Amino acid sequence: MIHVGLTGNVASGKSAVGRIWAARGIPVLDADLLAREAVQPGSPGLAAVREAFGEEVVAEDGTLDRARMREIVFRDPEARRRLERVLHPLIASLHRRWIAERANEGTPLAASEVPLLFETGLEDEFDVVVLVDASEAERLRRLVEERGLAPAEARSIMASQGDPAVKRSKADHVLDNDGSLAELEAKAIALLDHLRGGASA
């Protein structure tokens, strides 16, 4: 099985590529869903986060208060690293389980959408790494106009992620996404056809 790592900075369009591929029958795992699974109420992950950050990050209904957690980690790089130390091993374990299940099913090609793939040193976990990239100006526009973030918050989120130029140099394939969704779809399908050719070789 060819395991593709799909990544890109915030508002680059990586999730759109994941949806395009999934619509064409490719199993696509969203690492953010694993992150949610890792901190479900009653889970060891949520208990570890509570121990590391206190009761303020747990909502009244017993779930992780994501808004409060996000506020803490974007304001404090050390807090973000502390959260990563708690969650990344749990997420990695869930991820390995998902991959093993796909391989046991005989799936020829599967993809994992991992926003912080390079930041967390996971590039060697994949057979192929695909980076979706867009200009800083376009990503800022999407965050502000399409997601409703304040410009300062959008810039803070963007600044917390790795340099796209460095990521481009490390990726096996780059999909540029400064244009329309239709243009991105055409590029994503062409790359998928190429990857499928490798999977069947």
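What shape does the range 115-201 have by the C-alpha gyration tensor, where a ≥ b ≥ c are the square roots of the eigenvalues, rounded means a/c under 1.5, and otherwise prolate means a/b greater than b/c and oblate the rest? All intermediate terms of the calculation are to be shown ahead of the outcome.
Details: a/c = 2.91, a/b = 1.49, b/c = 1.96.
Since a/c reaches 1.5 but b/c is at least a/b, the shape of the range 115-201 is classed as oblate.
Ala186: net charge of surrounding residues, Cβ under 15 Å, Lys/Arg +1, Asp/Glu -1, itself excluded?
Working: positive: Arg19, Arg24, Lys187; negative: Asp176, Asp178, Glu183, Glu185, Asp193.
Result for the local shell: -2.
When a/c is below 1.5 the answer is rounded, else prolate if a/b is larger than b/c, else oblate, so apply that to the range 59-104 with a ≥ b ≥ c taken from the square roots of the Cα gyration tensor eigenvalues. Here the range 59-104 falls in the oblate category. Counting every alpha-carbon pair across the range 1-108, the share separated by more than 18 Å comes to 57%. Surface composition of the chain: carbon plus sulfur atoms hold 51% of the accessible area, using a 1.4 angstrom probe and ignoring ligands, DNA and RNA.
Could you tell me what percent of the DSSP beta bridges with both partners in the chain are antiparallel, to the nearest 5? Write out the running numbers ahead of the final one.
On the way: 1 of 17 bridges.
Of the beta bridges lying entirely in the chain, close to 5 percent run antiparallel.
Against the chain, whose longest principal axis comes from its Cα atoms, helix 44-53 is set at around 50 degrees.
For the range 4-129, what is the accessible area per residue in Å², given a 1.4 Å probe and the full set of protein chains?
Normalised by residue count, the accessible surface of the range 4-129 is 50 Å².
Sorting the Cα pairs of the range 117-157 by distance into bins of 5 Å, from 0 upward, gives 6, 21, 20, 14, 14, 16, 9, 1 percent per bin. In a reduced charge model with +1 at each Lys and Arg Cβ and -1 at each Asp and Glu Cβ, the range 40-94 shows a dipole moment near 280 debye about its Cα centre.
When restricted to Cα atoms, the chain yields an Rg and a Dmax of 17.5, 53 Å, respectively. Put simply, the amide H of Leu29, placed in the peptide plane, has neighbours under 5 Å in Ala111, Ser112, Glu113, leaving out anything fewer than 5 places away on its chain. When the GluC sites (Glu not before Pro) in the range 81-120 are filtered for DSSP coil states and for at most 16 other beta-carbon atoms within 10 Å of their beta-carbon, the remaining sites are Glu105, Glu119. With only Cα atoms counted, the range 65-165 has Rg and Dmax values of 16.1, 46 Å. Remark: the chain carries a charge dipole of roughly 100 debye about the Cα centre, counting +1 on each Lys and Arg Cβ and -1 on each Asp and Glu Cβ. Annotation: amide H-H contacts under 5 Å for Leu175 (H modelled 1.01 Å from N, sequence separation of 5 or more, or interchain): Leu131, Val132, Asp133. Relative contact order for the range 97-176: 40 percent, from Cα pairs under 8 Å spaced at least 6 residues apart, divided by residue count.
The values are calculated or read from the model by the stated rules, or taken from the named source; none is laboratory data. None of the values given here were measured: they were computed from a predicted structure. All Cβ positions, even for glycine, are placed from backbone atoms using ideal geometry, and neighbour counts span all protein chains on display. Accessible surface is based on the protein model in full, side chains and every heavy atom, while ligands, DNA and RNA are left aside. Shrake-Rupley method; radii C 1.70, N 1.55, O 1.52, S 1.80 Å.
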